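Before any comments, here is the structure.
The values are calculated or read from the model by the stated rules, or taken from the named source; none is laboratory data. Just so it is clear, the model here is predicted, and its values are computed rather than measured. Here the Cβ is made from the backbone with ideal geometry for all residues, glycine too, and neighbour counts use every protein chain on show. Surface areas here come from the heavy atoms of the whole protein model, side chains and all, with no ligands, DNA or RNA. Shrake-Rupley method; radii C 1.70, N 1.55, O 1.52, S 1.80 Å.
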Amino acid sequence: MISKHNLGESCTQYTFGQQISTQLSEKIICLYYHLQQELDYAQWQIIDIVPSYTALAIYFKPDVTNHVKRLELDNLIERLWNSPLTNDFQRETHIIPTNYNGEDLEFLATQHQLNIKQLIGLHTAPRYLIAMLGFKPYFPYLIGLDSQLITPRRSVPRINTPKGSVAIGGTQTGIYTENSPGGWHIIGHTEFEDYQKFKPGDYLLFKDINSC
């Protein structure tokens, strides 16, 4: 069941579910790429299409009030969503060399009754799906964190989390792509720089540089 509501006058959000899951994110990402292929942004007066865990937001040029075109878009999205979407778009797997020396690493290991090696093994094992980008430029929101590593965010966020920090917050893990305030637990650091290559549907693999 698709729900729709406006975010201000020039953005429409289509919501496809309530629970974060790989299956839902994969389908939203497929829809995102199909819309990119099928829609002429200039003709539809679209500025951008932005996927998230459970929804898709479409940003229009200001003062666009062509309700007929909006209805056509509603019908297109519903038709595509209810069709067998294929994920034949190009994906990349980004290797993230990581030094697991984070300020919160020992705390998390103790919290989860793990040793450092076990924690690193659990964090490096999955191939994480980039479900969406946001918060900061190219910041990857990832699906795939092992349930043993789920950790509530810090009660007091840091004023500055350094660029390249690999961190865990709640059910998520990610990389701070620039210096930023942050409430996630830092478990490591990376010198990876090609954040602009990240896109929804890509994968990340964290690689422990000290195990080579």
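Can you find, within segment 96-124, the residue that is surrounded by the fewest Cβ atoms within 10 Å (Cβ to Cβ) among those that are more than 23 Å from the chain's Cα centre (by Cα) and assigned to a loop (DSSP other than H, G, I, E, B)?
Looking at the filtered set, the residue picked out is Gln113.
Restricting to strands (runs of 3 or more DSSP E) lying wholly in segment 132-197: which have 2 or more residues that are open to solvent by 70 Å² or more (accessible area, probe 1.4 Å) and farther than 24 Å from Val50 by Cα?
Strands (runs of 3 or more DSSP E) meeting the threshold: 158-161.
Consider only pairs whose beta carbons are under 6 Å apart and that are at least six residues apart or on different chains; among these, list those whose first residue lies in segment 106-131 and is more than 20 Å from Ser211 (Cβ to Cβ) and whose second residue is assigned to a loop (DSSP other than H, G, I, E, B) and among the charged types (D, E, K, R).
Within 6 Å, the pairs are Ile130/Asp202.
If only one of Leu71, Leu76, Leu85 is under 30 Å from Leu7 (Cα atoms), open to solvent by 10 Å² or more (accessible area, probe 1.4 Å), touching a Lys or Arg at 6+ places or on another chain (Cβ under 9 Å) and free of Cβ contacts under 8 Å to residues at least 60 places away in the same chain, which one is it?
Only one candidate passes the filter, namely Leu85.
Tell me which residues, restricted to segment 1-53, are among the β-branched types (Val, Ile, Thr) and more than 13 Å from Trp81 (Cβ to Cβ).
Thr12, Ile20, Thr22, Ile46, Ile47, Ile49, Val50, listed by residue number.
Per-residue answers, yes or no, for (1) farther than 20 Å from Glu193 by Cα; (2) modelled with pLDDT under 95; (3) of a type outside the set (A, V, I, L, M):
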{"position": "Pro97", "(1), (2), (3)": "no, no, yes"}
{"position": "Tyr100", "(1), (2), (3)": "no, no, yes"}
{"position": "Leu119", "(1), (2), (3)": "yes, no, no"}
{"position": "Thr124", "(1), (2), (3)": "no, no, yes"}
{"position": "Thr151", "(1), (2), (3)": "yes, no, yes"}
{"position": "Thr161", "(1), (2), (3)": "no, no, yes"}
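Among the candidates Gln13, Gln90, which residue alone is open to solvent by 30 Å² or more (accessible area, probe 1.4 Å), free of Cβ contacts under 8 Å to residues at least 60 places away in the same chain, under 26 Å from Gly144 (Cα atoms) and part of a strand (DSSP E or B)?
The unique qualifying residue is Gln13.
Cβ contacts < 8 Å: first residue within 25 Å of Ser25 (Cβ to Cβ), restricted to segment 184-212; second residue open to solvent by 50 Å² or more (accessible area, probe 1.4 Å) and of a type in the set (Ser, Thr, Tyr), any location; separation 6+ or different chain. Result?
Tyr195/Tyr138; Gln196/Tyr138; Phe198/Tyr138; Asp202/Thr93; Tyr203/Thr93; Leu204/Thr93; Leu205/Thr93
Inspect segment 33-43 for any residue being in contact (Cβ under 8 Å) with a residue 12 or more places away in the chain, loosely packed, with under 15 Cβ neighbours inside 10 Å and in a loop (DSSP other than H, G, I, E, B) and give the result as yes or no.
No, segment 33-43 contains no residue that is in contact (Cβ under 8 Å) with a residue 12 or more places away in the chain, loosely packed, with under 15 Cβ neighbours inside 10 Å and in a loop (DSSP other than H, G, I, E, B).
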